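These notes are about the structure you will find just below.
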Amino acid sequence: MTYAIQADGLAKRFKETRALDGVDLAARTGTVLGLLGPNGAGKTTAVRIFATLIQPDAGRALVAGHDVVREAGLVRSLVGLTGQYAAVDENLTGTENLLLIGRLLAMPRRDARARAAELLDRFGLADAAGRAVKTYSGGMRRRLDLAASLVGRPSILFLDEPTTGLDPRSRGELWDMLRGLVAEGVTALLTTQYLNEADTLADDIVVIDRGRVIAEGTPDELKSQVGGQVLQVRPVRAHDLAGAHALVAETAGTQTQIEGDVITAPVNDPELMPAVVRRLDGAGIAVGELTLRRSSLDEVFLALTGHRAEPDSSGEPAEPDDSDIEKVVSSA
Ligand SMILES: Nc1ncnc2c1ncn2[C@@H]1O[C@H](COP(=O)(O)OP(=O)(O)OP(=O)(O)O)[C@@H](O)[C@H]1O
Ligand SMILES: [Mg+2]
């Protein structure tokens with residue numbers, strides 16, 4: 001079977017850092033593959049290899065069956081890239097940015113104009129089309145960025161943390177746009193640190209950490225892989241919290257947490273809940289809430305890696321790169 005996106009044993013080093021250390025992944029045509037991982041996991045490195053911006057040291061990456069190194073030119077004509085950092089020119093207007101890319105793609109002027117207008121309209125930017133991008137909000141820039149990656153009508157899209165820094169409404173709008181594209185048959189690889197984003201959008205998820213795949217499957221499979229359920233216990237009396245936590249931790253024998261006045265424990269064993277009830281009862285601890293719920297992808301991640309997936313707190317790009325799109329299209 002030919003996958004739209006495929007990596008076999010992909011490896012890339014930057015001096016001492018193994019950014020990718022033998023990654024396998026595959027996305028079927030017309031699906032969304034979520035590439036999930038914390039800061040420094042190797043997500044951007046993988047995307048840059050697929051977009052032909054850098055070359056792997058070992059292994060191979062294929063786009064629609066074409067090798068990204070040996071058939072780089074062909075691959076560039078198939079893919080669109082929305083980089084982690086905005087790639088549009090601040091001083092140009094929305095229209096000018098899209099026209100510039102159309103020209104880099106050697107589109108006839110009339111086609112480039114029509115395509116720019118169509119995309120600006122589709123992404124709700126028609127009213128702002130004639131304004132310099134520096135006057136755009138973060139959400140508008142992100143939408144223009146996505147529009148920019150679509151000028152050449154790519155069938156395969158790489159979206160590197162497209163919603164980082166967006167408010168919930170703008171994020172929802174971007175999700176809807178991506179769903180629309182996928183409904184038209186586009187395949188997307190979406191990197192994210194927002195676990196609910198992968199849960200919402202992705203058909204399949206690959207979780208990487210320090211350059212290695214640590215888990216993969218559908219969102220549901222991942223959830224069930226780490227127990228799939230979470231026990232929540234809230235003691236009636238606040239002063240029972242520590243005692244109840246100790247009891248739950250002892251019974252569960254796994255990573256337990258206190259969030260506010262609620263104790264949570266991943267559940268892998270159906271016997272756990274009755275055992276916890278018996279022990280709490282025996283200790284005379286009154287319980288106000290005792291529930292089993294499906295684990296969130298956040299908890300799945302914590303269970304898999306031993307640490308949470310923290311969104312980038314610095315807000316500063318480790319490696320600023322605002323020339324991704326230009327590089328992709330100009331060398332096509
Ligand atoms: N050009 C480079 N030179 C040196 N080290 C690099 C370079 N690019 C990436 N790295 C290192 O490789 C590792 C993986 O980086 P990468 O950007 O792929 O991670 P990421 O998953 O995209 O992280 P983030 O969520 O912060 O964007 C990190 O340790 C990073 O510091
Ligand atoms: Mg990155």
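The values are calculated or read from the model by the stated rules, or taken from the named source; none is laboratory data. Being a predicted model, the structure only gives us computed values, none of them experimental. So basically every Cβ, Gly included, is an ideal-geometry build from the backbone, and we count neighbours across all protein chains shown. Ligands, DNA and RNA are excluded from the accessible area calculation, which covers all protein heavy atoms including side chains. Shrake-Rupley method; radii C 1.70, N 1.55, O 1.52, S 1.80 Å.
Values as computed for the structure displayed
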{"read-out": "Mean ellipticity per residue at 222 nm, deg cm²/dmol - from DSSP H runs of n ≥ 4 across the chain, formula -39500 (n - 2.57)", "value": "-11000 deg cm²/dmol"}
{"read-out": "Net dipole in debye of the chain [+1 Lys, Arg Cβ; -1 Asp, Glu Cβ; about Cα centre; nearest 20]", "value": "800 debye"}
{"read-out": "Global form of the stretch 67-119, assessed from the alpha-carbon gyration tensor, a/c cut-off 1.5", "value": "oblate"}
{"read-out": "Total charge dipole magnitude, the stretch 1-82, about the Cα centre, Cβ charges on Lys, Arg, Asp, Glu only, Debye to nearest 20", "value": "180 debye"}
{"read-out": "Mean separation of Cα contacts under 8 Å (6+ apart) over length of the chain, as relative contact order %", "value": "23 percent"}
{"read-out": "In order through the stretch 177-189: 3J(HN,Hα) via Karplus (6.51 cos²θ - 1.76 cosθ + 1.60), integer Hz, x for Gly, Pro", "value": "5, 5, 4, x, 5, 5, 4, 7, x, 6, 9, 10, 10"}
{"read-out": "With every protein chain in place, the chain: carbon and sulfur % of accessible area (1.4 Å)", "value": "48 percent"}
{"read-out": "Translational diffusion coefficient (Stokes-Einstein; Kirkwood radius from C-alpha pairs) of the chain at 25 °C, 0.890 mPa s, in µm²/s", "value": "114 µm²/s"}
{"read-out": "Using alpha-carbon coordinates, inclination of helix 138-150 to the longest axis of the chain, degrees", "value": "60 degrees"}
{"read-out": "Per residue value of the accessible surface for the stretch 37-91 (all protein chains in place, 1.4 Å probe), Å²", "value": "37 Å²"}
{"read-out": "Cα gyration tensor category, rounded, prolate or oblate, for the stretch 37-156 with a/c compared to 1.5", "value": "oblate"}
{"read-out": "Residues of the stretch 189-211 with amide N under 20 Å of a point placed 7 Å along Cα→Cβ from residue 29", "value": "189-190, 203-204"}
{"read-out": "For the stretch 1-95: rounded, prolate or oblate by the Cα gyration tensor [a/c cutoff 1.5]", "value": "oblate"}
{"read-out": "Furthest towards positive pole of dipole, 77, 196, 56, structure part the chain, Cβ charges", "value": "77"}
{"read-out": "For the stretch 236-286: accessible area per residue (Å², 1.4 Å)", "value": "56 Å²"}
{"read-out": "Share antiparallel - DSSP beta bridges, the chain, percent rounded to 5", "value": "65 percent"}
{"read-out": "Residue 107 - accessible surface, heavy atoms, 1.4 Å probe, Å² rounded to 10", "value": "50 Å²"}
